[in-house]
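The values are calculated or read from the model by the stated rules, or taken from the named source; none is laboratory data. Since this is a predicted model, take the numbers as computed values, not measurements. All Cβ positions, even for glycine, are placed from backbone atoms using ideal geometry, and neighbour counts span all protein chains on display.
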Amino acid sequence: MLDVNTIKKNILNNLRIIIAKTPETATDMDWFNAIAYTLRRCLTEHWMASTHKYYQQDTKRVYYLSLEFLMGRSLIKSMLNLGIYEECEQALEQLGLSLDELAEIEPEPALGNGGLGRLAACFLDSMASLNLPGYGYGIRYEYGIFQQQFENGYQVEHPDNWLRYSNPWEFSRPEVLYPVHFGGQVVEYQDEQGRKGYDWKDTEEVMAMAYDTPIPGYATPSTNNLRLWTAKASRDFDLQYFSQGNYIKAVEDKNHSENLSKVLYPEDTHQMGRELRLRQEYFFVSASLQDIIRRYLAKHDDIRGLPDKVAIQLNDTHPALAIPELLRFLLDHFHLSWEEAWELTVRIFAYTNHTLLPEALETWPVWLFEKLLPRHLLIIYKINHRFLKDVSYHFPGDMDALRRMSLIGEEGEKHVRMSHLAVVGSHKVNGVAQLHTQLMKTTLFADFDRFFPGRIINKTNGITPRSWLHQANRPLAQLITQSIGQAWVTELSHLKKLIPLADEQKFRSEFREIKQNNKFKLAAFIKKELGLEINAHSMFDVQIKRIHEYKRQLLNLLHVITRYNQIRANPNIELIPRTVIFAGKAAPGYTIAKLIIKLINSVADIINHDPVIGSRLKVVFIPNYNVSNAMRIIPAADLSEQISTAGMEASGTGNMKLALNGALTIGTLDGANVEIREEVGNENIFIFGLSNHGVTDLKRRGYNAWDYYRENPELKQVLDMLSSGYFSPEAPSLFQPIIDALTHGNFMVLADYADYILCQKRVDELYQQPEEWTRQAILNVANMGQFSSDRTIKEYATEIWDVKPVEHQGFVC
Ligand SMILES: *Cc1c(COP(=O)(O)O)cnc(C)c1O
């Protein structure tokens with residue numbers, strides 16, 4: 001184990017030898033790097049030992065393919081996972097440095113949009129912590145999700161140049177380099193035995209080069225690899241133009257190829273259908289499969305054994321091209337029969353569906369496939385042909401089933417349905433919460449559930465307790481460890497031992513004091529960053545997530561304005577003071593979501609400056625929501641807003657993070673809220689609004705938003721203020737599109753308004769009884785064991801992947 005003196009010595013050594021600075025000339029960034037290299041050395045020892053073990057034991061491995069990994073910073077996480085946080089803190093103190101301040105120097109790798117990318121990060125942490133041999137594969141975007149700033153209340157996007165100051169956690173692997181092909185044409189040929197084969201030729205070539213990042217487990221030497229691909233121009237290109245003496249053209253083309261991994265697409269639950277995105281998908285899938293097959297063949301010579309050693313999880317349909325790509329290898333390189341190749345493929349793949357929203361379902365025009373991936377299109381046609389033959393055999397005469405289930409959609413322009421490809425090519429397909437899985441089985445994939453009984457299963461999402469409690473909320477983590485021991489960090493169900501403590505006044509007051517301190521800290525951050533003074537004793541009412549109509553930030557805002565009107569109508573009213581905190585990014589092309597941001601900022605501007613309101617109501621929009629900001633906000637939250645239209649949020653994981661940190665949830669019966677309610681008990685959560693059935697019924701009966709407007713004077717007043725320009729005096733019709741969205745959209749905001757307002761009254765009433773509020777908050781924490789991503793990953797490992805933990809020796813450093 002590293003002790004304080006060794007850590008100090010190593011930091012000073014690294015500063016001199018790796019950074020080449022003296023303590024007198026070192027910048028904060030230099031110190032940060034010197035510390036990072038100290039930790040990295042230890043991580044690397046563990047990592048090499050793990051890699052060697054997997055190789056030696058020839059263990060079955062899981063490959064998690066994801067276009068997004070929202071990892072967050074690594075400095076403190078590495079210290080905690082290695083069990084040397086206190087030692088590092090002391091070593092730095094003795095060097096006259098502050099760990100908290102240096103940790104803020106680290107740029108956050110934000111290679112994801114939101115929940116889907118963060119889930120991938122939590123899963124990597126759980127796989128390593130459970131000693132499972134799990135590899136992440138993705139793209140090393142040069143620019144992650146944009147950085148959000150506000151100008152005059154509007155979102156402006158800035159490029160996230162996270163690699164500007166080298167990244168101490170990654171290892172470049174210039175020798176791990178694979179060609180990836182696009183375009184060209186397919187020619188059929190016959191071999192000597194008269195069998196048909198396919199040659200894909202005249203393609204353009206891009207090289208994929210690997211960068212590796214060690215992923216340490218918690219309190220185990222088990223350390224896995226996240227391998228991210230970067231695009232490099234192929235040497236062939238250079239030679240071609242250089243030989244023609246066209247130097248400038250050669251360099252331009254180099255740029256063109258390398259643009260492939262330049263930037264993450266910033267749309268969350270929305271498909272944009274850009275050619276470059278399809279290129280990104282194929283690029284990372286092809287490189288990853290080549291790497292997986294190379295690793296397998298290093299130890300084995302029969303490709304037919306691949307499913308015994310390889311499981312591949314597809315995080316959404318973004319990597320679904322891996323299915324035809326593996327088939328292509330097996331058919332065109334290994335010359336297996338179709339039947340054999342297909343059987344191996346289906347045994348290897350599993351697919352996670354993340355949304356039922358039609359605008360998010362991936363489809364690609366057939367012409368684009370023809371242009372970029374002609375061989376894959378032929379393979380998809382063949383999968384489809386065989387599949388539809390099976391369908392017509394099982395559902396004789398049901399022509400409509402064939403149309404509905406086809407991998408090729410014919411409405412409008414002919415397109416490939418990536419979700420159908422993923423379902424047909426996988427042995428297991430999972431939803432991410434019970435309600436979501438049930439809806440998959442009865443709506444989007446109903447035909448497939450009939451045809452493949454048992455293929456569609458549920459794996460409710462989870463979050464890693466290391467990041468979201470142990471690291472994000474050190475004071476609460478310490479209180480819990482003092483009270484029930486430290487086993488909860490790896491066995492979150494141990495939190496149940498807190499249940500009896502909810503009835504102890506001493507524990508409640510300690511718990512409340514921690515929450516209050518976290519609120520002081522967040523208030524100080526808001527003061528420092530936004531110059532806004534908030535009442536740290538007010539209720540912190542928090543909605544932090546991507547801005548999307550289905551997530552209904554507008555419903556929250558209607559409540560805020562209603563409250564504002566109550567105070568103005570009755571200036572002496574005694575109301576529970578609230579600070580309503582928003583955070584979240586809008587996709588740059590999502591006009592109405594960006595207008596929602598502007599509206600929140602405009603409402604904040606009016607309310608926060610109204611002297612009549614005082615500290616009874618404040619609205620804060622914390623810019624640039626990311627993992628670091630989530631870790632600041634969540635420990636300070638009293639109330640967690642999880643208010644999506646029922647049936648639209650697949651799971652949510654923000655809901656889990658907030659409840660784990662002792663916030664009470666106000667929410668609809670949607671996604672994992674349903675299961676959170678089952679765990680914490682109906683009396684310890686605020687549920688309101690239409691259920692999924694209620695929404696469907698109302699839509700069938702005909703939903704007329706104006707009825708709610710006419711019948712509810714409070715609601716009418718709020719909407720009239722919006723449309724008359726109360727919050728935009730300089731441009732009175734600015735927010736008219738929001739009125740239109742509320743009255744024409746299908747997110748049922750107005751239908752849920754009245755019940756939401758009533759429910760918020762109940763929230764106020766409970767908050768007036770601090771002992772009871774705290775008791776319920778503790779019971780929320782105590783009953784969150786189910787939502788550890790360790791539980792989720794154990795289920796995947798046994799029910800989908802069939803992979804087992806690998807025994808490790810103790811720590812080597
Ligand atoms: C957890 C998390 C999300 C997902 O939040 P939801 O409320 O489940 O949508 C998105 N972004 C970040 C940075 C997160 O940490």
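Values as computed for the structure displayed
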item	result
Candidate set from the stretch 98-119 (those that are away from the ligand (no atom under 16 Å from the Cβ) and in contact with a helix residue (DSSP H, G or I) (Cβ under 6 Å, 6 or more places away or on another chain)); member that is nearest to ASP3 (Cα to Cα)	LEU99
Members of the stretch 618-643 that are more than 8 Å from the ligand (Cβ to nearest atom), in contact with a strand residue (DSSP E or B) (Cβ under 8 Å, 6 or more places away or on another chain) and closer than 25 Å to ASN783 by Cβ	ILE633, ILE634, ALA636, ALA637, ASP638, LEU639, SER640, GLU641, ILE643
Filter result (hydrophobic (A, V, I, L, M, F, W, C) and in contact with a Gly (Cβ under 9 Å, 6 or more places away or on another chain)) within the stretch 360-394	TRP364, LEU368, LEU372, LEU373, ILE383
Members of the stretch 671-682 found to be within 11 Å of the ligand (Cβ to nearest atom) and either surrounded by fewer than 24 Cβ atoms within 10 Å (Cβ to Cβ) or over 17 Å from SER493 (Cβ atoms) (or both), listed by number	GLY671, ASN673
Near pairs, Cβ below 7 angstrom, 6+ apart or cross-chain, from the stretch 539-551 (β-branched (Val, Ile, Thr)) to any residue that is within 10 Å of the ligand (Cβ to nearest atom) and in a loop (DSSP other than H, G, I, E, B)	ILE544/GLY584; ILE544/TYR625; ILE547/GLY584; ILE547/LYS585
Check on GLY662, at pLDDT 95 or above, crowded, with 24+ Cβ neighbours inside 10 Å and either aromatic (Phe, Trp, Tyr) or within 12 Å of the ligand (Cβ to nearest atom) (or both)	no
Single residue of ASN81, ASN113 found to be of a type outside the set (A, V, I, L, M, F, W, C) and within 22 Å of GLY654 (Cβ to Cβ)	ASN113
Matching residues in the stretch 68-85 - criterion: being of a type outside the set (A, V, I, L, M) and part of a loop (DSSP other than H, G, I, E, B)	GLU68, GLY72, ARG73, SER74, GLY83
Residue within the stretch 158-166 that is assigned to a loop (DSSP other than H, G, I, E, B) and within 16 Å of the ligand (Cβ to nearest atom) present	yes
Filter result for ARG474 (surrounded by 15 or more Cβ atoms within 10 Å (Cβ to Cβ), basic (Lys, Arg) and farther than 14 Å from GLY662 by Cα)	no
Count of the stretch 329-340 residues which are buried (at least 18 other Cβ atoms within 10 Å of the Cβ) and closer than 19 Å to PRO374 by Cα	3
Output for the stretch 623-669, where each listed residue is in a loop (DSSP other than H, G, I, E, B), β-branched (Val, Ile, Thr) and over 29 Å from ILE105 (Cα atoms)	ILE643, THR645, THR668
Candidate set from the stretch 122-132 (those that are more than 16 Å from the ligand (Cβ to nearest atom) and surrounded by 24 or more Cβ atoms within 10 Å (Cβ to Cβ)); member that is nearest to the chain's Cα centre (by Cα)	MET127
Residue in the stretch 254-272 that is buried (at least 20 other Cβ atoms within 10 Å of the Cβ), among the aliphatic types (A, V, I, L, M) and not in a helix (DSSP H, G or I) present	yes
Residue in the stretch 771-811 that is surrounded by the fewest Cβ atoms within 10 Å (Cβ to Cβ), counting only those that are hydroxyl-bearing (Ser, Thr, Tyr) and in a helix (DSSP H, G or I)	THR798
Members of the stretch 222-240 that are at pLDDT below 95 and not polar (S, T, N, Q)	ALA233, ARG235, ASP236, PHE237, ASP238, LEU239
Selection count, the stretch 585-634, where residues are among the polar types (S, T, N, Q) and touching a Leu at 6+ places or on another chain (Cβ under 6 Å)	0
Selection within the stretch 86-121 - among the charged types (D, E, K, R), outside any helix (DSSP H, G or I) and surrounded by fewer than 20 Cβ atoms within 10 Å (Cβ to Cβ)	GLU104
Every pair of residues 6+ apart whose Cβ atoms lie under 9 Å, when the first sits in the stretch 484-508 and is closer than 19 Å to THR464 by Cα while the second is at pLDDT 95 or above and of a type in the set (Asp, Glu)	THR490/ASP790; GLU491/ASP790; LEU492/ASP790
Failed item, numbered, when ALA604 is tested on (1) among the small types (Gly, Ala, Ser); (2) away from the ligand (no atom under 12 Å from the Cβ); (3) under 19 Å from the mean Cα position of the chain (by Cα)	(3)
Filter result for GLN149 (in a loop (DSSP other than H, G, I, E, B), out of contact with any Lys or Arg (no Cβ under 6 Å at 6 or more places or on another chain) and surrounded by fewer than 19 Cβ atoms within 10 Å (Cβ to Cβ))	no
Verdict on LYS657 being of a type in the set (Lys, Arg) and within 11 Å of the ligand (Cβ to nearest atom)	yes
Qualifying residue in the stretch 683-697 (condition: in a helix (DSSP H, G or I), more than 14 Å from the ligand (Cβ to nearest atom) and closer than 30 Å to LEU734 by Cα)	yes
Out of THR6, THR38, THR59, THR22, sole residue that is in a loop (DSSP other than H, G, I, E, B), farther than 24 Å from ASP291 by Cα and among the polar types (S, T, N, Q)	THR22
Selected residue [among the charged types (D, E, K, R), more than 16 Å from the ligand (Cβ to nearest atom), free of Cβ contacts under 8 Å to residues at least 60 places away in the same chain and surrounded by fewer than 16 Cβ atoms within 10 Å (Cβ to Cβ)] from GLU188, GLU170	GLU188
Identity of the residue in the stretch 543-594, in a strand (DSSP E or B) and in contact with a Gly (Cβ under 9 Å, 6 or more places away or on another chain), that ends up surrounded by the most Cβ atoms within 10 Å (Cβ to Cβ)	GLN543
Residue match in the stretch 528-544 (condition: within 16 Å of the ligand (Cβ to nearest atom) and more than 21 Å from VAL627 (Cβ to Cβ))	yes
